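What follows is a set of notes on a single structure, which appears directly below.
Read-outs: derived from the displayed coordinates by stated rules, not from any lab. None of these values were measured; they are calculated from a predicted model. FYI the Cβ positions are ideal-geometry reconstructions off the backbone, even for glycines, and counts take in every protein chain you see.
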Amino acid sequence: MQFDSLTFLLFFVIVLAGAALTRGWNARKNLLLVASYVFYGAWSPAFTLLLAGASVLDWFLARRIHAAEDPAHRRFWLAASIVLNIGTLALFKYGPFLHANLAALLASVGVHLDPWSLGLVLPVGISFYTFQSVSYTFDVYRRRVEPIHSLRDFCLFVAFFPQLVAGPIVRFTTFAPQLVAPRAPSWSGLAHGAVWMLWGLFEKIVLADTVFAPVADAAWNGLSGLSSSAALTASLAFAGQIFCDFAGYSCCAIGAARCFGFELPLNFRNPYAAVGFSDFWRRWHISLSTWLRDYLYIALGGNRGGAWRTYRNLMLTMLLGGLWHGAGWNFVLWGGCHGLLLAVERALRERDGVVPEVRGWSRPLWALVTLIAVVALWIPFRSPDFASTAQFLQAFAAPWTPLDFAAKCVLVAFAVLVLVQWWARDRSLDEVVAGAPAWLLAPALALLIVLVVLSPGDSNAFIYFQF
């Protein structure tokens, strides 16, 4: 049940009407919890049991962590939460990958390992709700939050359907207060939520699926005859596609939540207008980057212990962040390269005592270097393996061929996308809409509706559903 499907529209209207008609905050939360499980069950009914089991497990373990007075006992219950959650994630997501690499390693010394035969299907959204649930037990362990008494409320926190399958990864400290004060659909919430959802659908349906995806898919499906011009436009096409696809989902999630009176955190803040790589990660998939910082980088020691340990922690964090995106060495390469760039940037900052991007004369150059590096690193991210990555990169040495209409549209659309992000660099959609005059806002929203409805592009699953 995707946000850009008629099935979701019908489901959303029914749940919204039910929430508006339901009296009593507890009854409304019951409705939202049931709706969230119905939403998730539309993907795979069996995996709702996994979602419910993970929620009950962490609700119980957090209470054990809080009740334990012996530090060793508290660490034991925290370790149980981490091992069980990450172990389940690893089994479904990384089992075949780890098995294949172990088989290759053993084969090099003459030992045969039977092929992976479990045939497990990756539960949609498991990477997101696992990180969300684990962050809660971490926060209870660190005594940042008190364990929640209501199992129903905790299950709603984990399974809230607008952000369940592809984020944002919501912290308990952000969502828990919203479970206390009664919330209901309102005309203001519906208006603001509808704008966010409309913008998200425009990014997904019009830009990601119609403009960018066909050019990117055609290039990666025909690597053998790729020209340098096709490789360039495909690189930009995938950079535009993955942003518009994922940011579009996040906008829809924020908008859907607002319609019910909830606020979700901003997940993207114009990342292609970043000046520097640390700035990029403050703007791209913010809920994941801050999660990695708070629960992995700091847990590894952060910037304590000297420069080399800091660089090591950066690299480990980004390597694991890359692996979070998928079970493949191409994702590890992508994360490792970003870790290396972050380490180099930090070394420059420590050497000169100033962040490179704040220098007026170097700001445009640093921004251009950031954008080029980010776009280039999307190539291994999109490629299924190292061989296809190498084949794609070799195409840049091939002859240049004339661009067709679709490729020209990609170049124009990506340029406009970057310019718009620079124009709105430090403003959210709310701020842009609030500052727009009514005579411009109304026709702009009407145009978005027309483009979404008339878009001829194929409807593709959101890219981050596979992560």
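General remarks:
- Volume of the Cα convex hull of the chain, divided per residue and given in Å³: 181
- Cα-based Rg and Dmax for region 6-185, where Dmax is the largest Cα-Cα distance (Å): 19.2, 68
- Region 189-466 - percent relative contact order, Cα under 8 Å, separation 6 or more: 31
- Region 254-330, relative contact order in percent, only Cα pairs under 8 angstrom and at least six apart counted: 17
- Ranking His192, Leu151, Ala256 by how far each Cα lies toward the positive end of the dipole of the chain (charges on Cβ) leaves Leu151 at the top.
- Each residue of region 416-425 was assigned a 3J(HN,Hα) from its phi angle through the Karplus expression (A = 6.51, B = -1.76, C = 1.60, θ = phi - 60°), giving 5, 4, 5, 4, 5, 5, 5, 5, 9, 3 Hz with x at Gly and Pro.
- Under a model in which nothing but the beta-carbon of Lys, Arg (+1) and Asp, Glu (-1) is charged, region 6-185 shows a dipole of about 540 debye around its Cα centre.
- Here r is the Cβ-Cβ distance between Val344 and Gln394 and R0 is 30 Å; the resulting FRET efficiency, rounded to 0.05, is 0.70.
- Gyration tensor (Cα) of region 152-245, equivalent ellipsoid semi-axes in angstrom: 39, 16, 9
- Relative contact order of region 6-185, pairs being alpha-carbon contacts under 8 Å that are 6 or more residues apart, as %: 32
- Label point of Ala434 set 7 angstrom out along Cα-Cβ; within region 177-217, amide nitrogens under 16 Å from it belong to 188-189, 191-193, 195-196.
- With R₀ fixed at 30 Å, the C-beta to C-beta distance from Leu120 to Asp385 puts the FRET efficiency at about 0.90.
- Backbone HN-Hα couplings from phi across region 232-244 [Karplus 6.51/-1.76/1.60, Hz, Gly and Pro as x]: 5, 5, 5, 4, 5, 5, 6, 4, x, 5, 5, 5, 5
- Think of the chain as having a plus end and a minus end, set by charges on the Cβ of Lys, Arg, Asp and Glu; of Ala274, Tyr129, Leu78, Leu78 sits farthest toward the positive end of this dipole.
- Per-residue ellipticity at 222 nm from helix content only, as computed over the chain with -39500 (n - 2.57) for each DSSP H run of at least four residues, stands at -21500 deg cm²/dmol.
- Amide H partners (placed H, <5 Å) of Gly276, local residues excluded: Thr370
- Counting 0.36 nm for each residue step from Leu98 to Leu50 and taking away their Cα separation leaves a gain of 15.1 nm.
- Residue by residue, region 91-100 carries 3J(HN,Hα) couplings of 4, 6, 8, 10, x, x, 5, 5, 5, 5 Hz when phi is fed to the Karplus relation 6.51 cos²θ - 1.76 cosθ + 1.60 (θ = phi - 60°); x denotes Gly or Pro.
- Rounded if a/c under 1.5, otherwise prolate or oblate - region 189-466, Cα gyration tensor axes: oblate
- Ranked Tyr272, Tyr136, Tyr94, criterion: other C-beta atoms within 10 Å, fewest first: Tyr94, Tyr272, Tyr136
- With semi-axes defined as the square roots of five times the eigenvalues of the C-alpha gyration tensor, the equivalent ellipsoid of region 255-309 measures 29, 16, 5 Å, largest first.
- Cβ-based exposure ranking for Lys408, Lys29, Lys204, in which fewest neighbours within 10 Å come first: Lys408, Lys29, Lys204
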